[in-house]
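Asker: For reference, the structure I am asking about is given below.
The values are calculated or read from the model by the stated rules, or taken from the named source; none is laboratory data. Here the structure is a predicted model, which is why all the values come from computation and not from measurement. Reconstructed Cβ throughout: ideal geometry from the backbone, glycine too, with neighbour counts over all protein chains shown. These area figures cover heavy atoms from the full protein model, side chains too; ligands, DNA and RNA do not enter into them. Shrake-Rupley method; radii C 1.70, N 1.55, O 1.52, S 1.80 Å.
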Amino acid sequence: MGDAFCSDCKKSTEVVFDHSAGDTVCSECGLVLESHSIDETSEWRTFANESNDNDPVRVGGPTNPLLTDGGLSTVISKPNGTTGDYLSSSLGRWQNRGANPDRGLIQAFKTIATMADRLGLVSTIKDRASEIYKKVEDQKSSRGRNQDAILAACLYIACRQEDKPRTVKEICSVANGATKKEIGRAKEYIVKQLEIEMGKSVDMGTIHAADFLRRFCSNLGMNNQAVKAAQEAVQKSEEIDIRRSPISIAAAVIYIITQLSEEKKPLRDISLATGVAEGTIRNAYKDLYPHISKIIPVWYAKEDDLKNLCSP
């Protein structure tokens, strides 16, 4: 149900969508406001993984402006049955002869989509990463480089530009074997190529500790009260001149909050959940310690509780 203006009722009323007829009907007077609407949702659920990869859908995917033909090229699939081997051998040769110039791009976009899905990223980030890769690929300068690292770096940059940053370690966990060092080098290379193409510096967005905090707290299974206190502490920490990375500050704040709660978390668990080394968390905690009374919410911990914290 939704809201729409009804010409008979002369006001905005709730409407009901009749999926079988494609009609939008006013719930108060029964007037058909729109008829034979096109349903743009999927025909049905895809059961490809449950029925030997036979996908019953009768339509193709959406158009892709990043591909030469818009992603609407015809692909001859391999049929089943005894005669299928014969057909696939002859038709397959024709398929291979008509080589798709975007075959490499299609595979790269699939890889980006797989990595993004494993990280739970939205479609806008996938599209931005694919667009970045297409720009780099068009310059024909990435040949001979680690493609897994290039694709992972495109996803990292896309996350930054869409204000949904992920740590390099998180990207590395889905990068098909590419190391943090390789992804870092690929990121610098891509940024340089984009700056050459655009003639200006690339906007990578600003990283804040709050961007990572809720995800880290979820990984540790912290309760809502502790998460709220950590969020307030991180916001107040930005008012203090602490020259540490936002990820390190987020990890140190989580360490402080958990030490003040009944459910204390070992430093090792926090390190595993955040991807920040234990020594780095200790150093960030050392920098935050003199300002604890300013950043920790008074409703979460009293002054006596703060004094009981171990000194760095």
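Asker: Name every residue in the range 197-225 that is open to solvent by less than 70 Å² (accessible area, probe 1.4 Å) and basic (Lys, Arg), in order of residue number.
Answerer: ARG215
Asker: Right, something else. Quick check: is even one residue across the range 226-240 at pLDDT 90 or above and open to solvent by 70 Å² or more (accessible area, probe 1.4 Å)?
Answerer: yes
Each row is one residue, and each column tells you yes or no for (1) open to solvent by 70 Å² or more (accessible area, probe 1.4 Å); (2) closer than 14 Å to LEU213 by Cβ; (3) of a type in the set (Ser, Thr, Tyr).
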| site | (1), (2), (3) |
| --- | --- |
| PRO246 | no, yes, no |
| TYR255 | no, yes, yes |
| GLY279 | no, no, no |
| LYS294 | yes, no, no |
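Asker: Among the numbered criteria (1) part of a helix (DSSP H, G or I); (2) in contact (Cβ under 8 Å) with a residue 12 or more places away in the chain; (3) surrounded by fewer than 16 Cβ atoms within 10 Å (Cβ to Cβ), which single criterion is violated by GLN259?
Answerer: Going through the list (1) part of a helix (DSSP H, G or I); (2) in contact (Cβ under 8 Å) with a residue 12 or more places away in the chain; (3) surrounded by fewer than 16 Cβ atoms within 10 Å (Cβ to Cβ), GLN259 breaks only (3).
Asker: Which ones in the range 177-196 are in a helix (DSSP H, G or I) and open to solvent by less than 50 Å² (accessible area, probe 1.4 Å)?
Answerer: So in the range 177-196, the residues in a helix (DSSP H, G or I) come out as 180-196.
Of everything in the range 177-196, those that are in a helix (DSSP H, G or I) and open to solvent by less than 50 Å² (accessible area, probe 1.4 Å) turn out to be ILE183, GLY184, ALA186, LYS187, TYR189, ILE190, VAL191, GLN193, LEU194.
Asker: Return the only residue of VAL202, VAL136, VAL174 being closer than 19 Å to THR111 by Cα, among the hydrophobic types (A, V, I, L, M, F, W, C), part of a loop (DSSP other than H, G, I, E, B) and within 22 Å of the chain's Cα centre (by Cα). Steps first, please.
Answerer: Details: VAL202 fails: closer than 19 Å to THR111 by Cα; VAL136 fails: part of a loop (DSSP other than H, G, I, E, B).
Being closer than 19 Å to THR111 by Cα, among the hydrophobic types (A, V, I, L, M, F, W, C), part of a loop (DSSP other than H, G, I, E, B) and within 22 Å of the chain's Cα centre (by Cα) holds for just one of VAL202, VAL136, VAL174, which is VAL174.
Asker: Are there any pairs, at least 6 apart or on different chains, whose C-beta atoms fall under 6 Å, with the first in the range 181-204 and in contact (Cβ under 8 Å) with a residue 12 or more places away in the chain and aliphatic (A, V, I, L, M) and the second open to solvent by less than 30 Å² (accessible area, probe 1.4 Å) and not in a helix (DSSP H, G or I), and if so, which?
Answerer: Listed by first residue and then by second, the contacts come to VAL191/VAL202; LEU194/VAL202.
Asker: Right, another one. On the basis of being in contact with a Lys or Arg (Cβ under 6 Å, 6 or more places away or on another chain), farther than 13 Å from ALA129 by Cβ and of a type outside the set (Asp, Glu), does CYS159 make the cut? Give the steps one after another, and end with the answer.
Answerer: Values: in contact with a Lys or Arg (Cβ under 6 Å, 6 or more places away or on another chain): yes; farther than 13 Å from ALA129 by Cβ: no; of a type outside the set (Asp, Glu): yes.
Spelling it out, it is not the case that CYS159 is in contact with a Lys or Arg (Cβ under 6 Å, 6 or more places away or on another chain), farther than 13 Å from ALA129 by Cβ and of a type outside the set (Asp, Glu).
Asker: Yes or no: the range 215-227 includes at least one residue that is of a type in the set (Lys, Arg), outside any helix (DSSP H, G or I) and either touching an Asp or Glu at 6+ places or on another chain (Cβ under 9 Å) or without any contact (Cβ under 8 Å) to a residue 24 or more places away in the chain (or both). Can you show your working first?
Answerer: At the first step, the residues of the range 215-227 found to be of a type in the set (Lys, Arg) are 215.
Then drop every residue that is not outside any helix (DSSP H, G or I), which leaves none.
No; the residues of the range 215-227 include none that is of a type in the set (Lys, Arg), outside any helix (DSSP H, G or I) and either touching an Asp or Glu at 6+ places or on another chain (Cβ under 9 Å) or without any contact (Cβ under 8 Å) to a residue 24 or more places away in the chain (or both).
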